[in-house]
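Notes to accompany the following structure.
Values quoted throughout were computed directly from the atomic coordinates according to the rules given, and no laboratory measurement underlies them. Source: prediction; values computed, not measured.
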Amino acid sequence: DTGVSQDPRHKITKRGQNVTFRCDPISEHNRLYWYRQTLGQGPEFLTYFQNEAQLEKSRLLSDRFSAERPKGSFSTLEIQRTEQGDSAMYLCASSKVGWPQHFGDGTRLSIL
Amino acid sequence: DAKTTQPPSMDCAEGRAANLPCNHSTISGNEYVYWYRQIHSQGPQYIIHGLKNNETNEMASLIITEDRKSSTLILPHATLRDTAVYYCIVRVGGTDKLIFGTGTRLQVFP
């Protein structure tokens, strides 16, 4: 069990640029979740997948955000035309159905 | 979705038991109570969960009241490494998504 892996750990970009984050879940976990966390707040749910199907998206996930899990293994989260308000920690978690979620250490995004 | 209420901060002496309370008065019958903690710059770490019975594992104990409207996480012998933000969460059935609040910042002092 190598844990949930996220890449990169830190990303600094200019406003208006596109960014993509990657999450590798624990193997055999069929559910994968994305959360966003801003300073001083708890994580907020963004979206989740069961295998390759995206089953729910939060209203927080604007049209500039897109997530994929093409083969039911790793997932990517892309943000287009980044804005200052996108600065946050983006967390990925995985689990088997009905089991506790295990989180990665996140990707910290800073928008200049 | 059920909401939880926790005190914003607590202190505990090293070696003593830390008792972290949580109110979840609107919890539904099939919703589980989960506890996670987050140490600075790391992702949340799963601690324990329960439905209506008290639970214990190697990290902590979870005491849930009979009416399920509140619960207490107990760290029996707190260490400095237990300093973290502790989140009490009600897990939404079906999707299993977690609705975090702002948590309790536990400071363990020597």
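For the stretch A:26-39, just list the computed ³J(HN,Hα) in residue order, Karplus coefficients 6.51, -1.76 and 1.60, θ = phi - 60°, integers in Hz, with x standing in for Gly and Pro.
5, 4, 6, 7, 8, 10, 9, 10, 10, 10, 10, 10, 9, 4
Antiparallel as a % of all DSSP beta bridges within the protein assembly as shown, to the nearest 5?
Details: 64 of 73 bridges.
So the antiparallel bridges in the protein assembly as shown amount to around 90 percent.
Once you have all Cα-Cα distances for the protein assembly as shown, histogram them in 5 Å bins from zero and send the whole-percent values.
1, 7, 15, 18, 18, 16, 12, 7, 4, 1, 0
How many angstrom lie between the C-alpha centres of the stretch B:43-59 and the stretch A:1-79?
The distance from the Cα centre of the stretch B:43-59 to that of the stretch A:1-79 comes to 25 Å.
Any idea what % of Cα-Cα pairs in chain A are farther than 18 Å? Display every interim value, and only then the final one.
Numbers: 2727 of 6216 pairs.
For chain A, the share of Cα pairs beyond 18 Å comes to 44 percent.
Viscosity 1.567 mPa s, temperature 4 °C: give me the Stokes-Einstein translational D for chain B in µm²/s, with Rh taken as the Kirkwood radius over C-alpha pairs. If you can, show how the numbers build up before the last one.
Values: Rh = 13.9 Å.
Translational diffusion coefficient: 93 µm²/s.
Cross-link list A:Lys11/A:Lys57; A:Lys14/A:Lys57; A:Lys96/B:Lys97: which exceed 18 angstrom alpha carbon to alpha carbon?
Table pairs above 18 Å Cα-Cα are A:Lys11/A:Lys57; A:Lys14/A:Lys57.
How large is Rg over Rh for the stretch A:31-73, taking Rg from the Cα atoms and Rh as the Kirkwood inverse mean of 1/r across Cα pairs?
Numbers: Rg = 11.1 Å, Rh = 11.0 Å.
Radius of gyration over Kirkwood radius for the stretch A:31-73 works out to 1.00.
Assuming 0.692 mPa s and 37 °C, estimate D for the stretch A:1-57 with Stokes-Einstein, Rh taken as the Kirkwood radius over Cα pairs, in µm²/s. Present the calculation step by step, with values, prior to reporting the outcome.
Values: Rh = 13.3 Å.
Estimated diffusion coefficient is 247 µm²/s.
To one decimal place, what orientation-averaged projected area in nm² is obtained for the convex hull of the Cα set of the stretch A:36-100?
Details: hull surface 19.8 nm².
So the Cα hull casts an average projection of 5.0 nm².
Please give the contour-minus-distance gain from A:Ser62 to A:Arg81: 0.36 nm per residue of separation, less the Cα-Cα distance, rounded to one decimal in nm. Walk me through the numbers before you get to the answer.
Working: separation 19, 0.36 × 19 = 6.84 nm, distance 1.14 nm.
Between A:Ser62 and A:Arg81, full extension yields an extra 5.7 nm.
Counting only Cα, what are the radius of gyration and maximum Cα-Cα distance Dmax of the stretch B:1-66, in Å?
In Å, with Rg to one decimal and Dmax whole: 12.9, 36.
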